[in-house]
1. Hey, for a label at Lys201 modelled as a point 7 Å past Cα toward Cβ, could you say which residues of the stretch 134-155 have their backbone N under 20 Å away?
2. Mind listing the long-range amide H neighbours of Val112? Cut-off is under 5 Å, sequence gap 5 or more, other chains count too, H placed in the peptide plane at 1.01 Å from N.
3. Within 10 Å of each candidate Cβ there may be at most 16 other Cβ atoms; applying that plus a DSSP loop requirement, which chymotrypsin sites (Phe, Trp or Tyr not before Pro) in the stretch 5-49 survive?
4. Using the 4.7 Å Cβ rule, please list in number order the cysteines from the chain without any candidate partner.
5. Mind jotting down a quarter of the surface of the convex hull over the alpha carbons of the stretch 112-225, in square nanometres, one decimal?
6. What are the semi-axes of the equivalent ellipsoid for the stretch 1-58, taken as the square roots of 5 times the Cα gyration tensor eigenvalues, largest first, in whole Å?
7. So if I restrict to the alpha-carbon atoms in the stretch 35-93, what is the Rg, and what is Dmax, the biggest pairwise distance, in Å?
8. What are the residues whose amide H is under 5 Å from the amide H of Leu178, where those residues sit 5 or more places off or on another chain and H is modelled from the backbone?
Amino acid sequence: MTESPLFNVHTHRFDNHALIHIDALNCQIPKDVNLNNYWFSIGIHPWDTERINISEVPILLARCFEEIHPIAIGECGVDRLRGASIDIQLTVFEQHVEFATKKNLPVIVHSVRAISDILPILKKYNTTTFVFHDYRGNWVQTETLLQLNCYFSFGASVLRPNEKFLEVIRKIPSCRLLLETDEADSTLLPLILEQVATIRKVNPKMLEIEIRENVEFVFFKSVEHG
Ligand SMILES: [Zn+2]
C-alpha cells in the first residue's frame, strides 16, 4: 500500500489531502464537487474586511458551517498592510475565534505584522488551537506563541529565507510544525518539506512522520475520516 501524500494545511485550490479555504462570505463550492472527498476551512480573509457588515459575520460563519462541515475556521486574522482598520479586523478575528471555540475547531491564522495585536485574543481563548499559516514571525515572537496552543505552518517562503527566518525554521520544535502551499501549486509541498528538513539538518522522512502526527492531532483527533 502506498502512503497518502502529506496533508497540506492551507490552500485556496481544490486539492485532495489538503485543507481548502472557503470564503465564508459566499460559501461557494463548485456544483460537481463531492464534499466528502475534501476537507475545508471557512473564514473571511482579513483583506475582505473592508466590504463586510460586522454584525453579519457570526451568521455567515454559522450558515457556511452547516453547509460544508469544515474541520477548521479561517483563514482569518489581522493584516497591518491591507484590509479594514485594525479595530475592525480585530473584531472580525475574535468573532471567528469565538465561533471556532464553540465548535471546538482549530483556527487558521493570517497575521501580517500583527502578532502583538492579536495576542490578547489568543490568550483569552487559550483552549483553542491556532495554526499560523505561512508563518514568518521572528524568534522572540515565536517564543511567546510557543507558550500558547500555537502551531506554525511553513509555505513557499521557506524556499527563500533570510537569516532571521532561518533561525526560526531551525528552532521551532518539530511537534509544532505543519506545511502548506497557500496560493501556490500543491506539487510544491514535497519541496517545502525537503527544504525545511535541510535547514533543520534532519532526515526528511523523519520530519514527515512528525508532521503527520501533528496533522492528526490538530485536525483529526475528533473527526471521523470519511
Ligand atoms: Zn491563504
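1. Taking a point 7 Å out along Cα→Cβ of Lys201, the residues of the stretch 134-155 whose backbone N falls under 20 Å are 139.
2. Result for Val112 returns Val78, Asp79, Arg80.
3. Numbers: sites: Phe7, Phe14, Tyr38, Trp39, Phe40, Trp47; in loops: Phe7, Phe14, Tyr38.
Listed in order of number, the matching sites are Phe14.
4. Among the cysteines of the chain, those whose Cβ sits 4.7 Å or more from every other are Cys76, Cys150, Cys175.
5. Working: hull surface 30.3 nm².
For the Cα atoms of the stretch 112-225, the hull's average projected area reads 7.6 nm².
6. Details: eigenvalues 151, 33, 13 Å².
Three semi-axes, in Å: 27, 13, 8.
7. For the stretch 35-93, the Cα radius of gyration and maximum Cα-Cα distance read 12.2, 38 Å.
8. Phe152, Ser153, Phe154
Read-outs throughout are calculated quantities, based only on the coordinates presented, and are distinct from any laboratory measurement. Remember, it's a predicted structure, so these values are computed and weren't measured experimentally. Counting neighbours? That spans all protein chains shown, and the Cβs are built from the backbone with ideal geometry, glycine included.
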